[in-house]
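> This structure is in C-alpha cells; I'll ask about it shortly.
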Amino acid sequence: MASGVLTYDDFRCSLCGTCCRKQKVVLLTLYDIFRISERLGMRPGEFFKKYCTISAKFNSDGLKRFYLKADGGCPFLKDNMCSIQDVKPVVCARNPFYYMEASLAACKVFGIIEDECRINEYPYDTMVKGDNESLIDMDILVMATDEYIAKYGRFDEKTARPYYEKALEDLKDTGLRALTYTALVGQSVRREEQCRTDPYYKGATNMYIGGFYNDFKKAVKISNGTYAFEPSALGMIDSVMALVLFEKDYREIKKALGQQSGATIHARGSVFEGREYVIVSVEPANGKKVIFYYHIEPDEKASLRHEPGEILIDFKSEKGGSFFFKGKDADQWLSQATK
Ligand code: SF4
Ligand code: SF4
C-alpha cells in the first residue's frame, strides 16, 4: 500500500482478533464500567468484582488504573468478534489509532501496534491520524477516572457514580475539550520528535522507516527453537550497546540466555537503503536460539570499542530491569558489521 495519510475512518480492520487475544489487560474508565455492566444486566460493583482489577503496574507513569482482566484473551471475545461491540471500552473503540497524529513507525516504537495487525501493510512512514473527537473523549474519561481513583483508591458504585455523571458533563464542556485537544496535539509532536532525535528511539524508528524490519521478518523463520525480536529502542551507554526491549521480549530473552557466557554468537552486518544494521544470533548451550537486530548510527559506530572477539550487550527492560550479556565467540563481529 502507498504511504501517505491513514485515518481512523479509512482503516479496514481485518477482524483478526489479535489485539483482543494478546492484551493481558484492557484499560477501563468509569464510563466503561457503568455502561458495560448495564448492558450485561449486572450491578457495576458485581461486574467489577467478576471482570476487573485495579493496578499500577500496567502503565508507565505508575498510576493505579482500572483494567479488564484479559490474560489469556479478553472474556468478551466470542468467535473472534467483540460480544459487547456497542459498549466496548473506549480504548478498544479507538484501537489502534491512539494518537492524534503520528508516523506508523512511532506507533510501532511505542508498542501500540500488534505485529499481526493489518495496519503493518502500510509503509512505516505513513502518517496515522486518530479521530480527534473520540480521542478527546477518551482523555477526558481517563482523567475523570484518575481523579476518582486518586481519591478512593478502589471501585465502589456509590462513590463512583457522581464521578461517572460528572464525566458525562465534562464531555460536553467545550473549554475542557479545547484544552484537551491542545494537550493531545502537544503529546503527538513530542512523541514524534522523540522518535527522530532521542538516541534510544531513533534507531528503532529508522529500522521501521528504512524498511529493514520487514526484511528481517521475512528472513527470519520463527520456529520452536528460535526466538526473534526487534528492540523497541537502541542506544549506547558508554561503550556498551543497550537494547531496550518490550517487557515480554525481555522476559523471554532473559529466560533463553540465563547468565551464561558460553553461547555461540554470530553477527552479520548488512546495509539496507544506505543504513547499517547488524543481525545477531545467540545460541546458548541449553536454550532457545535468539535472533535480534539493531541499527548503527554513524556516531555510535565511532564509539563502539569492544575487545576483539567479545560482544557486550546490555538488555534493558522497558520497566528498568537490566540483563548484561557477554559472549566470547563473536570473532570480528564488529568488522563484519561495519564493512
Ligand atoms: S472488549 Fe471487545 S474489543 Fe475490547 S478487547 Fe475485549 S473483545 Fe476486544
Ligand atoms: S490486530 Fe489490527 S487488524 Fe487485527 S483485529 Fe486488531 S485492529 Fe483489527
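> Taking the Cβ-Cβ separation of E273 and K151 as r and a Förster radius of 35 Å, what is the calculated FRET efficiency to the nearest 0.05? Please list the in-between numbers first.
On the way: r = 53 Å, r/R0 = 1.50.
Efficiency, rounded to the nearest 0.05: 0.10.
> Compute the distribution of all C-alpha to C-alpha distances in the chain, in bins of 20 Å from 0, and list the percent of pairs in each, rounded to whole numbers.
P(r) over the chain, rounded to whole percents: 27, 52, 19, 1.
> Any idea which of A242, I209, S37 is furthest toward the positive side of the dipole for the chain, if Lys and Arg beta-carbons carry +1 and Asp and Glu beta-carbons -1?
Highest projection toward the positive end goes to S37.
> Take the chain, connect every pair of alpha-carbon atoms lying under 10 Å apart with a spring to form a Gaussian network, then pick out the residue of A228, A56, A70 with the largest mean-square fluctuation.
Comparing A228, A56, A70 in a Gaussian network model of the chain, the most mobile one is A56.
> Applying 1/(1 + (r/R0)^6) with R0 = 25 Å to the Cβ-Cβ distance of T18 and A178, what FRET efficiency is obtained, to the nearest 0.05? Working shown, then result.
Details: r = 36 Å, r/R0 = 1.43.
Calculated value: 0.10.
> For the chain, what % of the accessible area comes from carbon and sulfur atoms, probe 1.4 Å?
Numbers: 8550 of 16950 Å².
Here it works out to 50 percent.
> Okay, moving on. Taking the chain as a Gaussian network, where each spring joins two C-alpha atoms under 10 Å apart, which residue of P231, P284, P162 fluctuates the most?
Among P231, P284, P162, the largest mean-square fluctuation in the Gaussian network model of the chain belongs to P162.
> Just to confirm my numbers, what's the Cα centroid distance between the stretch 148-191 and the stretch 17-62 in Å?
Here the two parts' Cα centres lie 17 Å apart.
> For the chain, give the share of DSSP beta bridges that are antiparallel, in percent and rounded to the nearest 5; count only bridges with both residues there. Write out the running numbers ahead of the final one.
Values: 39 of 51 bridges.
Counting DSSP beta bridges with both partners in the chain, the antiparallel share is about 75 percent.
> How far is it, in nm, from the label point at M127 to the one at T159 when both lie 7 Å from their Cα along the line to the Cβ?
Calculated label separation equals 4.5 nm.
The values are calculated or read from the model by the stated rules, or taken from the named source; none is laboratory data. Every value quoted in this text rests on a predicted model; they were computed, and no experiment measured them. Cβ atoms come from the backbone with ideal geometry, glycine included; neighbour counts cover every protein chain shown. In case anyone asks, the SASA skips ligands and DNA or RNA and just uses the protein heavy atoms, side chains included. Shrake-Rupley method; radii C 1.70, N 1.55, O 1.52, S 1.80 Å.
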